[in-house]
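**Student:** Take this structure, written in structure tokens, and hold onto it; I'll ask about it next.
The values are calculated or read from the model by the stated rules, or taken from the named source; none is laboratory data. Small disclaimer: the values here were computed from a predicted structure and weren't measured. Ideal geometry is used to build each Cβ from the backbone, glycine not excepted, and the neighbour counts take in all protein chains shown.
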Ligand SMILES: [Zn+2]
């Protein structure tokens, strides 16, 4: 079956000269290069430790699917660099790097599946497995002037089999909130919050707000109450009264610009299920941090290494 993209590609190839044609053949040869991807994964596996017990005493135990296998001397179990990571047991390794490129470009599930020659189901599964690494890359401290805003949106049950009946006023679905906090050094924190309250604000922000930070937000009871318990300096603005900047520095324009960029970027996905929303927040955070030009291999390596490290931390 010739898809639109294939027809377009065929037209382009007809215009290629010999050199370009040769270069294209190399690209196609490398397209599904399992060894290349396996090599990239293994060289990024900094310190080999058993993902089952955390011991670093092991010996080599043959190779499987182009990856070195190890056997732990302590627990006798075997593992490779992908064991217990989100990438474990995923197939078609040769196409992972190309798929990461699709993520780096913010492409849709359907388009990525066409470009990488995998089904839409696989494309969807890969997207969420690959993005797990990005979730762990949230900032742990916000310094200086910290701008905060929240948005409340209806819950989205896209892809769910059991969709609950709408409840509440006007027969609407329940809501969920997204919290955005950003300091002037572009450190970004975001979170999906079931019910936004002083307690949920404290759980999310209290420990990452530097003690001497200046907390900027809209003037609402919620934020005023939060400031009382968090004991930070604060600056409120009354957007409803047309007040956008106070004393030249108190404003939330950066965080508003960021969140607007996220919502515009998400339009391409035609609705995002609430249960996956945090993945899209992380994805956009990554893209924005790298000025929409994140190296594709970084996405892959993050998914592999971060989880390994986290597992060790939780075991100790
Ligand atoms: Zn072990």
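**Student:** What is the number of the single condition among (1) surrounded by 13 or more Cβ atoms within 10 Å (Cβ to Cβ); (2) at pLDDT below 75 that residue 157 does not meet?
**Tutor:** Every listed condition holds for residue 157 apart from (2).
**Student:** Sticking with this one: Taking residue 53 as the residue in question, decide whether it is within 16 Å of the ligand (Cβ to nearest atom), part of a loop (DSSP other than H, G, I, E, B) and touching a helix residue (DSSP H, G or I) at 6+ places or on another chain (Cβ under 8 Å). Lay out the reasoning, then the answer.
**Tutor:** Numbers: within 16 Å of the ligand (Cβ to nearest atom): yes; part of a loop (DSSP other than H, G, I, E, B): yes; touching a helix residue (DSSP H, G or I) at 6+ places or on another chain (Cβ under 8 Å): yes.
The answer is yes for residue 53.
**Student:** Just checking, does the range 109-117 include any residue being crowded, with 18+ Cβ neighbours inside 10 Å, free of Cβ contacts under 8 Å to residues at least 12 places away in the same chain and either within 16 Å of the ligand (Cβ to nearest atom) or not in a loop (DSSP other than H, G, I, E, B) (or both)?
**Tutor:** There is at least one residue in the range 109-117 that is crowded, with 18+ Cβ neighbours inside 10 Å, free of Cβ contacts under 8 Å to residues at least 12 places away in the same chain and either within 16 Å of the ligand (Cβ to nearest atom) or not in a loop (DSSP other than H, G, I, E, B) (or both).
**Student:** Being touching a helix residue (DSSP H, G or I) at 6+ places or on another chain (Cβ under 8 Å) and crowded, with 17+ Cβ neighbours inside 10 Å is the filter here; which residues of the range 194-217 pass it? Walk me through it before giving the result.
**Tutor:** Of the residues in the range 194-217, the ones touching a helix residue (DSSP H, G or I) at 6+ places or on another chain (Cβ under 8 Å) are 194, 196-198, 201-202, 205-206, 209, 215, 217.
Scanning the range 194-217 gives 196, 198, 201, 205, 209, 215, 217.
**Student:** Let me ask something else. Which members of the range 75-89 meet the condition of being without any contact (Cβ under 8 Å) to a residue 60 or more places away in the chain and either at positive phi or near the ligand (Cβ under 8 Å from one of its atoms) (or both)?
**Tutor:** Taking the range 75-89 and keeping what is without any contact (Cβ under 8 Å) to a residue 60 or more places away in the chain, we get 75-80, 83, 88-89.
Of everything in the range 75-89, those that are without any contact (Cβ under 8 Å) to a residue 60 or more places away in the chain and either at positive phi or near the ligand (Cβ under 8 Å from one of its atoms) (or both) turn out to be 75, 76, 77, 79, 89.
**Student:** Go through the residues of the range 11-27 one by one and say whether even a single one is within 18 Å of residue 99 (Cβ to Cβ) and touching a helix residue (DSSP H, G or I) at 6+ places or on another chain (Cβ under 7 Å). Break it down stepwise before answering.
**Tutor:** First pass over the range 11-27, keeping only residues within 18 Å of residue 99 (Cβ to Cβ): 27.
Still in the list and also touching a helix residue (DSSP H, G or I) at 6+ places or on another chain (Cβ under 7 Å): none.
No, the range 11-27 has no match at all.
**Student:** May I pose another question? Take the residues of the range 56-96 that are in contact with a helix residue (DSSP H, G or I) (Cβ under 7 Å, 6 or more places away or on another chain) and in a strand (DSSP E or B): which is farthest from residue 35 (Cα to Cα)?
**Tutor:** Checked the range 56-96; the qualifying residue farthest from residue 35 (Cα to Cα) is 68.
**Student:** OK, next. May I ask you to verify whether residue 152 is touching a residue at least 40 places away in the same chain (Cβ under 8 Å), over 14 Å from the mean Cα position of the chain (by Cα), within 30 Å of residue 223 (Cα to Cα) and not in a strand (DSSP E or B)? It would help to see each step written out before you state the result.
**Tutor:** Details: touching a residue at least 40 places away in the same chain (Cβ under 8 Å): yes; over 14 Å from the mean Cα position of the chain (by Cα): yes; within 30 Å of residue 223 (Cα to Cα): yes; not in a strand (DSSP E or B): no.
Considered against the rule, which asks whether it is touching a residue at least 40 places away in the same chain (Cβ under 8 Å), over 14 Å from the mean Cα position of the chain (by Cα), within 30 Å of residue 223 (Cα to Cα) and not in a strand (DSSP E or B), residue 152 comes out as no.
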